[in-house]
Amino acid sequence: MERRDFIKRSVAVSAIGLTGGFSFISLLGNNKTYYFRPPGAVEESQFLAACIRCGKCVQDCPYDSLKLGSLEDGINIGTPYIEFRDVPCYMCADIPCIAACPTTALNHDLKDINSSNMGTAVLTDREDCLSLNGIRCEICYRVCPLTNKAITLTKHPQSITKKHTVFEPVVHKEICTGCGICENACPLDTPAITVLPTERGDKAAHYILLREQQS
Ligand code: SF4
Ligand code: SF4
Ligand code: SF4
């Protein structure tokens, strides 16, 4: 969090001279709190039926990305979940969480982590996104493990009328795995890019809707 605060302060100083009163409309509100299942998780009701709450996936994750649900966090006790803002999934090539799972809760046919579908990153706060405010932040673009594929930078049309170029991070949902690394790295206190549940044909993302705030 300290690193985020530092980066935010640094870019805020740069912003004074760069933004020139740019204002972007927030296109996508996000008033829901989601947590996500590990890569390869089957559909949620099947997952809850299959998962024996053994915690082996959590134990074998080398990054401590997975947590076990407890009464306190409101998630089915003993079931694994990921909170991307805390620790994202670092997309291990050998997918040790799936290898450790003794049941069908995690799909053992998933061999390529790049085909996992935990969710899809969405630029949920265009108004506060530093890149869209004319600041060369682009951290989400640089940290994405699917370099230049899952997120690309597109010159924003408003650049034409401004002296400096504004780049928009554009997520390609058919490639994004929903690993949450971009969400985790966004330097804003509330990330401008967030992983949301998505449906892609027969590849539904598996997630837990924890709560929905009244707007
Ligand atoms: S792929 Fe790796 S980092 Fe991601 S949850 Fe599984 S073990 Fe953890
Ligand atoms: S290893 Fe499989 S069965 Fe055990 S807690 Fe993880 S998902 Fe559930
Ligand atoms: S969640 Fe973000 S970092 Fe991960 S693949 Fe998608 S765009 Fe890239």
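The values are calculated or read from the model by the stated rules, or taken from the named source; none is laboratory data. From a predicted model like this one, the values you see are computed outputs, not experimental measurements. Cβ sites come from the backbone with ideal geometry, for glycine too, and all protein chains shown count toward neighbours.
Would you be able to say whether some residue in region 140-154 is among the β-branched types (Val, Ile, Thr) and outside the structural domain of Ala185 (by TED's automatic domain parsing)? First the steps, then the outcome.
Here is the first cut: in region 140-154, the ones among the β-branched types (Val, Ile, Thr) are 143, 147, 151-152, 154.
Of the ones still in play, those that are also outside the structural domain of Ala185 (by TED's automatic domain parsing) are none.
No, there is no match, as no residue in region 140-154 is among the β-branched types (Val, Ile, Thr) and outside the structural domain of Ala185 (by TED's automatic domain parsing).
On the given criteria, is Asp112 under 22 Å from Pro197 (Cβ atoms), within 12 Å of ligand 1 (Cβ to nearest atom), modelled with pLDDT of 95 or more and exposed (fewer than 13 other Cβ atoms within 10 Å of the Cβ)? Yes. Against the numbered list (1) part of a loop (DSSP other than H, G, I, E, B); (2) on the phi < 0 side of the Ramachandran plot; (3) in the same structural domain as Pro62 (by TED's automatic domain parsing), Met91 comes up short only at (2). The set of residues in region 117-145 being within 13 Å of the chain's Cα centre (by Cα) and either among the acidic types (Asp, Glu) or under 15 Å from Cys89 (Cβ atoms) (or both) consists of Asn117, Met118, Gly119, Thr120, Ala121, Val143, Cys144, Pro145.
Evaluate region 187-206: report whether one residue or more is modelled with pLDDT under 90, touching a helix residue (DSSP H, G or I) at 6+ places or on another chain (Cβ under 8 Å), within 16 Å of ligand 2 (Cβ to nearest atom) and on the phi < 0 side of the Ramachandran plot.
First, the residues of region 187-206 that are modelled with pLDDT under 90: 197-206.
Filter once more, keeping what is touching a helix residue (DSSP H, G or I) at 6+ places or on another chain (Cβ under 8 Å): 206.
So of that shortlist, the ones also within 16 Å of ligand 2 (Cβ to nearest atom) come out as 206.
Those left that are additionally on the phi < 0 side of the Ramachandran plot: 206.
The answer is yes, given that some residue of region 187-206 is modelled with pLDDT under 90, touching a helix residue (DSSP H, G or I) at 6+ places or on another chain (Cβ under 8 Å), within 16 Å of ligand 2 (Cβ to nearest atom) and on the phi < 0 side of the Ramachandran plot.
Taking region 63-78 as the range and being of a type in the set (Gly, Ala, Ser) and surrounded by fewer than 17 Cβ atoms within 10 Å (Cβ to Cβ) as the test, the residues that pass are Ser70, Gly74, Gly78. Candidates are the residues of region 44-72 that are free of Cβ contacts under 8 Å to residues at least 24 places away in the same chain and assigned to a loop (DSSP other than H, G, I, E, B); the one that is farthest from ligand 1 (Cβ to nearest atom) is Leu71. Kindly indicate the residue of region 113-162 that is assigned to a strand (DSSP E or B) and touching a residue at least 60 places away in the same chain (Cβ under 8 Å) and also farthest from ligand 2 (Cβ to nearest atom) among those meeting that condition. Taking the candidates together, the pick is Leu123. Output the residue which, of all residues in region 77-106 that are in contact (Cβ under 8 Å) with a residue 40 or more places away in the chain and over 21 Å from the mean Cα position of the chain (by Cα), is nearest to Leu196 (Cα to Cα). Applying the filter and picking the extreme gives Ala105.
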